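Structure first, then comments.
Every number in this text was worked out from the coordinates using simple rules, so none of it is lab data. All of these numbers come straight from a predicted model, not from anything done at the bench. Virtual Cβ from ideal backbone geometry, glycine too; neighbours counted across all protein chains shown.
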Amino acid sequence: MKKPTEKPQLPKTIAAAYGVACDSSFGAVSPPLYLSSTYEFSGYDQPRAFDYGRAGNPTRALAAEAIAALEGGAGAVMTSSGLAAIDLLVGRLPVGAKVVIQNDCYGGTLRLLKAREKLGYIQLIVVDFSDLNALEAAIKKGPSLLFIETPSNPLMRVFDIAVLSSLAKRYGAKTVVDNTFLSPALQQPLSLGADYVVHSTTKFLNGHSDVVAGALVALNDEDCQELNDWSNITGAISSPFDSWLTLRGIRTLFARMEQQEKNAMTIANHLNNHGSVSKVYYPGLTTHPNHELAKRQQQGFGAMLSFEHKDGETGVRKLVETVKTFTLAESLGGVESLIAHPATMTHADMGAEARKAAGISDGLLRLSVGLEHISDLIEGLDAGLS
């Protein structure tokens, strides 16, 4: 397969056309799926561009190139999951390295980093990022990595990537941003000062809830090469088929995000005026404390939101039994709308005390808004809230 000879400059074109019509064998418009685990050498001590599937695969490489181009990075590594991407980044840090992370991040991320800390591989510093004094005090301790999740999962808090990246650099730390909630269609952390971007490509990049995979993008060539080397060493790679499905999903990323965001904004406004809802967390609302930052830092507000049921856990139990159109399930970012209860699902492993400190109550519900007709989505929620 020949390489794309010219990388389009506009992100929508990259998403829709990267790798199209690059098949030199048969002229296929859609990039082929290469399932081979090994590749013939052209001669003695003469490997080709790909020699073994763990080290490299044409389909995986094309998907990684597309994601790196969308994020404005030097390159990317496709991994078996979003958590595998995070572990790849953290796993090549020196033993005992400090990692700073926010207290309201995704439960799986916190579980992974705490497990690494328990084994003595890293020192984890958990901080409320809304307290800049506490955050600066943590960064002054000399961490190797500052991990930012914005908007945060599930409370949709938005953090200033440029400010935090600058603060990290002042004390010699590198910055990674989890961009899963917005995707490169709505946010480009590398352009704001981050060194790495991590994705669960399972979510919006793939967009169809039929892949579990991840991606890690690096700003510069040296970091990119190191991550590629480590992915080969550890085998933390995405399968060719998952990479192919992810690339196919990226083709419609911008169109999906645009419509899903419109639906999410309508739902957020509806819930904000509903008698059974005490609070809505969505940066697109002018009442959100980080609304102006989100407007400045993002190209949109995304399709994720959360809300508090005024009757707490009792109301949640009734809602999940009677809600329509929304499916009670973990994950997010697909074309179908999902509803999740963080306290018993995505953030259960945090424990009640940590959830309380982070502001995640038993009455909180998280929505991933899909592409269904907005009338059905509103009626479905009202059925659960009535």
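Sorted by average packing, counted as other Cβ atoms within 10 angstrom per residue and highest first, what order do 235-242, 224-231 take? If you can, show how the numbers build up before the last one.
On the way: 235-242: 20.8, 224-231: 18.0.
Averaged packing, sorted descending, gives the order 235-242, 224-231.
How would you rank 368-378, 22-32, 152-162, highest first, on the average number of other Cβ atoms within 10 Å across their residues? Let's see the in-between values first.
On the way: 368-378: 18.4, 22-32: 12.5, 152-162: 22.5.
In decreasing order of mean packing, 368-378, 22-32, 152-162 become 152-162, 368-378, 22-32.
Could you tell me the relative contact order of region 235-386? Use alpha-carbon pairs under 8 Å, at least six residues apart, and round to a whole percent.
Numbers: 227 pairs, mean separation 39.3, N = 152.
Reported relative contact order: 26 percent.
For THR201, what residues show an amide H to amide H distance below 5 Å, using hydrogens built from the backbone and excluding near sequence neighbours?
For THR201, the qualifying residues are GLY82, ALA213, GLY214, ALA215.
Length gain on complete extension for the stretch ALA357 to ARG111, per 0.36 nm per residue less the alpha carbon to alpha carbon distance? All intermediate terms of the calculation are to be shown ahead of the outcome.
Details: separation 246, 0.36 × 246 = 88.56 nm, distance 1.59 nm.
That works out to 87.0 nm of additional length.
Residue by residue through region 244-259, what is 3J(HN,Hα) from phi via Karplus (6.51 cos²θ - 1.76 cosθ + 1.60, θ = phi - 60°)? Round to whole Hz and write x for glycine and proline.
Ordered by residue, 3J(HN,Hα) equals 5, 5, 4, 4, 5, x, 4, 3, 10, 3, 5, 5, 5, 4, 5, 6 Hz.
Determine the distance separating the Cα centre of region 335-357 from the Cα centre of region 161-207; give it in Å without decimals.
Value for the Cα centre distance between the two parts: 23 Å.
Give the value in nm², to one decimal: projected area of the alpha carbon convex hull of region 1-127, averaged over all directions.
Values: hull surface 44.2 nm².
So the Cα hull casts an average projection of 11.0 nm².
Where in region 25-74 are there trypsin sites (Lys or Arg not before Pro) that are in a DSSP coil and have at most 12 other Cβ atoms within 10 angstrom of their Cβ?
Working: sites: ARG48, ARG54, ARG60; in loops: ARG48, ARG54.
Here the sparse-neighbourhood loop sites are ARG48.
Enumerate the lysines that LYS262 could reach by cross-link, defined here as Cα to Cα under 16 Å, with residues fewer than 8 away along the same chain left out.
Counting by Cα, and skipping residues close in sequence, LYS262 has these lysines nearby: LYS295.
Relative to the present Cα-Cα distance, how much length would full extension add between PHE26 and LYS295 at 0.36 nm per residue of separation? Please list the in-between numbers first.
Working: separation 269, 0.36 × 269 = 96.84 nm, distance 4.57 nm.
Answer, rounded to one decimal: 92.3 nm.
At 20 °C and 1.002 mPa s, what whole-number value in µm²/s does Stokes-Einstein give for the translational diffusion of region 254-385, with Rh from the Kirkwood sum over Cα pairs?
Details: Rh = 14.9 Å.
Stokes-Einstein gives a translational diffusion coefficient of 144 µm²/s.
Counting only residues 5 or more places away or on other chains, whose amide H sits under 5 Å from the amide H of LEU305 once H atoms are built in the peptide plane?
Excluding prolines and chain starts, which carry no amide H, the hits are LEU367, VAL369.
Roughly how many whole Å is it from the C-alpha centroid of region 108-126 to that of region 240-263?
Rounded to whole Å, the Cα centres lie 31 Å apart.
Which order do the peptides 321-334, 61-74 take when ranked by the mean count of other beta-carbon atoms within 10 Å per residue, highest first?
Working: 321-334: 17.9, 61-74: 24.1.
So the order, starting with the most tightly packed, is 61-74, 321-334.
Seen from all sides and averaged, what is the projected area of the convex hull of the Cα atoms in region 189-295, in nm²?
Details: hull surface 36.9 nm².
Average of the hull's projected areas for region 189-295 equals 9.2 nm².
What is the spread of the Cα atoms of region 210-257 along each of their three principal axes, largest first, in whole Å?
34, 22, 12
Report the trypsin sites (Lys or Arg not before Pro) located in region 114-156 that are in a DSSP loop and have at most 13 other Cβ atoms inside 10 Å of their Cβ, or state none. Each step should come with its number before you reach the end.
Numbers: sites: LYS114, ARG116, LYS118, LYS140, LYS141; in loops: LYS140, LYS141.
Here the sparse-neighbourhood loop sites are LYS140, LYS141.
Taking amide H positions as placed 1.01 Å from N in the peptide plane, with prolines and chain starts having none, which residues 5 or more places from ALA97, or on another chain, fall under 5 Å of its amide H?
Here GLN123 satisfy the definition.
Quick one: in region 138-203, what % of C-alpha pairs are over 17 Å apart? Intermediate results must be reported in sequence, preceding the final value.
Values: 787 of 2145 pairs.
Here the tail beyond 17 Å accounts for 37 percent of pairs.
Through the Karplus equation 6.51 cos²θ - 1.76 cosθ + 1.60, θ set to phi - 60°, convert the phi angles of region 29-37 into ³J(HN,Hα) values in whole Hz; use x for Gly and Pro.
6, 7, x, x, 9, 9, 9, 4, 8
Mean residue ellipticity at 222 nm from the helices of the chain, using -39,500 (n - 2.57) per DSSP H segment of n ≥ 4 over the full residue count, to the nearest 500 deg cm²/dmol? If you can, show how the numbers build up before the last one.
Working: 13 runs with 143 residues, N = 386.
It comes out at -11000 deg cm²/dmol, rounded to the nearest 500.
If you wrap a convex hull around the alpha carbons of the chain, what volume per residue comes out, as a whole number of Å³? Don't jump to the answer; show the numbers that get you there.
On the way: hull volume 52.9 nm³, N = 386.
So the per-residue Cα hull volume is 137 Å³.
Of the beta bridges DSSP finds with both residues in the chain, what % are antiparallel, to the nearest 5? Can you show the working numbers first?
Values: 24 of 43 bridges.
Looking only at bridges with both residues in the chain, the antiparallel portion is about 55 percent.
Would you mind calculating the relative contact order of the chain from Cα pairs under 8 angstrom and at least 6 residues apart, reporting the percent as a whole number? Walk me through the numbers on the way to the answer.
Working: 806 pairs, mean separation 65.9, N = 386.
Result for the chain is 17 percent.
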